Amino acid sequence: MITAHNLWKHYGDHTVLERINVTVDEGEFITLVGASGCGKTTFLKLLLGVESISRGSLTLSGEPIASEPGPDRGIVFQQYSVFPHMSVLENVVAAIGFRQPGLTGFLFGQPKKDAEELSLSLISKVGLQAAAHKYPHELSGGMRQRLAIAQALMAKPKILLLDEPFGALDPGIRADMHTLVLDLWRENNLTVFMVTHDLKEGFHLGTRLWVFDKPRIDPHAPEAYGATITYDLSTSRNTDVAFSETSP
Ligand SMILES: Nc1ncnc2c1ncn2[C@@H]1O[C@H](COP(=O)(O)OP(=O)(O)O)[C@@H](O)[C@H]1O
Ligand SMILES: [Mg+2]
């Protein structure tokens, strides 16, 4: 589904990513770990299409990734910017406007009703049904991330990009979020890329875990070389998936 071939990303003289060669199948759950500043978010931005590659190729279903976000890709950041003056329901409905070119976020009549219906079903899927008419300041951190996930799912993406989405949450709430993300992944046949700084979380959630690291370092020019995928590991969840798929 996604192929990177000798992919490089520079910002001016700063090489952030280098020589990334990787293929991802539909339905994989990739977790990305690596030191702060090594280019994990940059990699997600390349997938999302808000940053462009410097060298090599990055393709989605054989086509170069569009240089702008498309409805096939949804993203959740650690701190998501929801509209503070809009309710949970209004925030999710508004997410449709961002995904459709030419649509400014204002819907009327039947399209509005349809959008609200879809929003409410997503809101209950992420467990926020009792909070549909609350405002962001009335939500806990975990509820806000649930809202962000509902927004990202609004355009029915095939690929979900999660950038340390649970980094700011308490451990107990994180466990609930893990269940939610795994359920959504399975139910919607999503391909997931999730950055985490928690190696245990990475192994627990992913079918495959990537370690980003710099194979070469010049102490006199720290920005001369970039990070690449130094380890590409199949996790036990991957074995579970393969086993259940091949079992009668
Ligand atoms: N728009 C940008 N312009 C210049 N440098 C950037 C830009 N975005 C990220 N960088 C640099 O690229 C490197 C990787 O950043 P990032 O992908 O955010 O790392 P990570 O997510 O792994 O912590 C950092 O050194 C960062 O300063
Ligand atoms: Mg980052």
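The values are calculated or read from the model by the stated rules, or taken from the named source; none is laboratory data. Small disclaimer: the values here were computed from a predicted structure and weren't measured. Heads up, the Cβs are rebuilt from the backbone with ideal geometry, glycines too, and the neighbour counts pull from every protein chain shown. Heads up: the accessible areas ignore ligands, DNA and RNA and are worked out on the full protein's heavy atoms, side chains in. Shrake-Rupley method; radii C 1.70, N 1.55, O 1.52, S 1.80 Å.
Worth pointing out:
- Most mobile of Phe29, Phe166, Phe83 in a GNM of the chain (Cα contacts under 10 Å): Phe83
- Above-threshold pairs, the threshold being 29 Å between Cα atoms, out of Lys112/Lys134; Lys156/Lys214; Lys45/Lys156: Lys156/Lys214
- Here the chain exposes an accessible surface that is 54 percent carbon and sulfur, computed with a 1.4 Å probe and the other protein chains kept in place.
- In the chain, helical runs assigned H by DSSP with n ≥ 4 each contribute -39500 (n - 2.57); averaged across all residues and rounded to the nearest 500, the mean residue ellipticity at 222 nm is -11000 deg cm²/dmol.
- Residue of His220, His178, His204 that the Gaussian network model of the chain assigns the largest fluctuation, springs spanning Cα pairs under 10 Å: His220
- Gain in span if fully extended, Val50 to Asn238, counting 0.36 nm per residue against the direct Cα distance: 64.7 nm
- Per residue accessible area of the chain, 1.4 Å probe, in Å²: 51
- Converting phi to 3J(HN,Hα) with the Karplus coefficients 6.51, -1.76 and 1.60 and the offset θ = phi - 60°, the stretch 84-89 yields x, 8, 10, 5, 3, 4 Hz in sequence order, with x at every glycine or proline.
- Note: the chain, Cα convex hull, 153 Å³ per residue.
- For the stretch 182-228, the list of GluC sites (Glu not before Pro) that fall in a loop by DSSP and count at most 15 other C-beta atoms within 10 angstrom reads Glu223.
- Each residue of the stretch 129-140 is assigned a 3J(HN,Hα), and the resulting list reads 4, 6, 10, 4, 9, 8, 9, x, 5, 8, 9, 7 Hz, derived from the Karplus form 6.51 cos²θ - 1.76 cosθ + 1.60 (θ = phi - 60°), x at Gly and Pro.
- Karplus-based coupling profile of the stretch 145-154, in residue order and whole Hz: 5, 4, 4, 4, 5, 4, 4, 5, 7, 4, with θ = phi - 60° in 6.51 cos²θ - 1.76 cosθ + 1.60 and x standing for Gly or Pro.
- Inter-label distance, nm, simple model (7 Å from Cα along the C-beta direction), Glu68/Thr3: 2.7
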